[in-house]
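Encoded as structure tokens, the structure appears first; notes follow it.
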Amino acid sequence: MMKGWVVDKVKACKKTALILTITLFAKSFVSAFDVMEVHATSSTQQQIQEEENEKAELENRLDETQNQLDGLKGESSSLKKELADLKEQLNQVAGRLEELERQIAEKEQEILDTQAALEEAKETESWQFECMVARARTMYEMREDNHINALLGAGNFSEVLNAADYYSRIAKYDQEKMEEYQENKRLIEDHEAKLQAEYAELENLKTQAEAEKSKVSGLISRTSNSISQYADQISEAERQALAYEQEIKEKEENLEALRKQYEEELARSRAAANAAWRDISEVSFDEGDRYLLANLIYCEAGGEPYDGKVAVGSVVINRVLSSQYPDSVLGVIYQNKQFSPVASGRLDLALSVGRATADCYRAADEAMSGITNVGNCVYFRTPIEGLEGIQIGGHIFY
């Protein structure tokens, strides 16, 4: 009967749909519900503390992200400087390579000119040799008596000497020319060998310069890629920092609203203490109030010691007695945003299967009889730093 009464009352508080739905599926959740730890609600002050903790965590993350961002920007700046140095180095290498290519082209032309001169010297030597051979052959083919006749036929001794000198000078001329052409050929060959060696050295320097250019180009490519990666990381860090800043802003706005709400709660708590209070004898409890209160106590303080269960029941009854709150157990429990098990649906689930224990019922009976172990407190929450009140178990009552 009490269970049906509670359902009817909950219908009046627009909880029908939730209770009916939970009732249909409650049996399938009973075993799972048995292992759930039932603990206290989070009040406005607890929400403030949670928001402040989350805000502090976000601020720490923002600081870490900002430090990371500063580091990334520093690394990016260093890489950009390194990239500028590499590009300057590449320009120098490219300039040196261009100069080497010019020198190689000049050396190639010089070698070609020297090879042409060498070919000409070889041809001149060959021609001179042929001339010498021709003259020697002519002189050899002349009969010896012709030479003697030429000498005897001279008019005087001077002519004889002139004739002998003539033949001697021809032979000497041929010998000198041959030696001259041979020396010139040798010099040209030496010059060509030197040019070839210089050309090989230039080619070696060119190969080294090309390797250096390739190395610097690779470094530039890798550095550019690193800068691009840092740019992406910087962009992501900036996006994350903006997101944290936005979340912090939202937390600050939430905190402002929660602090305002908390101040209102404290004001209501003080007002309730100073307002008119009914005596417990003036309260008429409806059928099912005991069942409803016992299950709320189960949801809020099922894991607390017995005194903690009595204290939660006392808060509900204190509100019923105070002119600042609804004047019925049902009205107090289902007042908007007051008890988290109501908002989460845990109370409706407990009501549908009767989760309250014997201690919960006994605590409800004591509270409904006017017994209170928390004075006129009308709020409770888990302990937080700076909040004063009566601590019983895991709750502060104020």
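Mind checking which residues of region 276-307 are open to solvent by 30 Å² or more (accessible area, probe 1.4 Å), among the aliphatic types (A, V, I, L, M) and not in a helix (DSSP H, G or I)?
The answer is Ala276, and nothing else.
Applying the selection to region 191-212, what residues are among the aliphatic types (A, V, I, L, M) and free of Cβ contacts under 8 Å to residues at least 40 places away in the same chain?
Ala193, Ala197, Ala200, Ala211
Mind listing whichever residues of region 248-265 are among the basic types (Lys, Arg) and loosely packed, with under 15 Cβ neighbours inside 10 Å? Break it down stepwise before answering.
Quick first cut of region 248-265, residues among the basic types (Lys, Arg) only: 249, 251, 259-260.
If the condition is that a residue be among the basic types (Lys, Arg) and loosely packed, with under 15 Cβ neighbours inside 10 Å, then Lys249, Lys260 are the ones that fit.
Six or more apart or on different chains, Cβ under 7 Å: which pairs go from a residue in region 83-99 that's farther than 13 Å from Glu210 by Cβ to one that's of a type in the set (Ser, Thr, Tyr) and open to solvent by less than 70 Å² (accessible area, probe 1.4 Å)? Could you list them?
Listed pairs, sorted by first residue: Leu83/Thr223; Leu83/Ser224; Leu86/Thr223.
Taking the condition free of Cβ contacts under 8 Å to residues at least 24 places away in the same chain, open to solvent by 30 Å² or more (accessible area, probe 1.4 Å) and outside any helix (DSSP H, G or I), does Ser228 pass?
When the stated conditions are applied, Ser228 does not pass them.
Among the residues of region 287-320, what is the count of those that are closer than 20 Å to Cys377 by Cβ and of a type in the set (Lys, Arg)?
So the count comes out to 2.
Within region 66-122, can you find the residues that are in contact with a helix residue (DSSP H, G or I) (Cβ under 7 Å, 6 or more places away or on another chain), among the hydrophobic types (A, V, I, L, M, F, W, C) and open to solvent by 30 Å² or more (accessible area, probe 1.4 Å)?
Leu90, Ala94, Ala117
Kindly check whether there is at least one residue in region 308-324 that is under 20 Å from Asp365 (Cα atoms) and in a loop (DSSP other than H, G, I, E, B).
Kept after step one, since they are under 20 Å from Asp365 (Cα atoms), are these residues of region 308-324: 308-322.
Then drop every residue that is not in a loop (DSSP other than H, G, I, E, B), which leaves none.
The answer is no; no qualifying residue exists.
Exactly one condition in (1) within 46 Å of the chain's Cα centre (by Cα); (2) among the charged types (D, E, K, R); (3) at pLDDT below 90; (4) loosely packed, with under 15 Cβ neighbours inside 10 Å is false for Glu236; which is it?
Result: Glu236 passes all but (3).
So the check is Cβ under 7 Å with 6+ separation or different chains; which pairs have a first residue in region 260-277 that's in contact (Cβ under 8 Å) with a residue 12 or more places away in the chain and over 17 Å from Phe397 (Cβ atoms) and a second one that's open to solvent by less than 100 Å² (accessible area, probe 1.4 Å) and assigned to a helix (DSSP H, G or I)?
Qualifying pairs under 7 Å: Gln261/Thr44.
Being in contact (Cβ under 8 Å) with a residue 24 or more places away in the chain and not β-branched (Val, Ile, Thr) is the filter here, so list the residues in region 65-82 that pass it.
So the first thing to find is which residues in region 65-82 are in contact (Cβ under 8 Å) with a residue 24 or more places away in the chain, and the list is 65-66, 68-69, 72-73, 75-76, 79-80, 82.
Once the filter is applied, which keeps residues that are in contact (Cβ under 8 Å) with a residue 24 or more places away in the chain and not β-branched (Val, Ile, Thr), region 65-82 yields Gln66, Gln68, Leu69, Leu72, Lys73, Glu75, Ser76, Leu79, Lys80, Glu82.
Consider region 351-398. How many of its residues are assigned to a loop (DSSP other than H, G, I, E, B) and either under 12 Å from Val312 (Cβ atoms) or open to solvent by less than 20 Å² (accessible area, probe 1.4 Å) (or both)?
First, pick out the residues of region 351-398 that are assigned to a loop (DSSP other than H, G, I, E, B): 354-357, 369-379, 382-389, 393-394, 398.
Filter once more, keeping what is either under 12 Å from Val312 (Cβ atoms) or open to solvent by less than 20 Å² (accessible area, probe 1.4 Å) (or both): 356, 372-374, 377-379, 393-394.
Final tally of qualifying residues: 9.
Restricting to region 313-340, count the residues that are more than 19 Å from Asp286 (Cα to Cα) and modelled with pLDDT of 95 or more.
Initially, region 313-340 is screened for residues more than 19 Å from Asp286 (Cα to Cα), giving 324, 336-340.
Among the residues that remain, those that are also modelled with pLDDT of 95 or more are: none.
Final tally of qualifying residues: 0.
The values are calculated or read from the model by the stated rules, or taken from the named source; none is laboratory data. This is a predicted model, so every value here is computed, not measured. Please note: Cβ atoms are built from the backbone with ideal geometry, for glycine as well, and neighbour counts cover all protein chains shown. Only protein heavy atoms, including side chains, enter the accessible area calculation; ligands, DNA and RNA are left aside. Shrake-Rupley method; radii C 1.70, N 1.55, O 1.52, S 1.80 Å.
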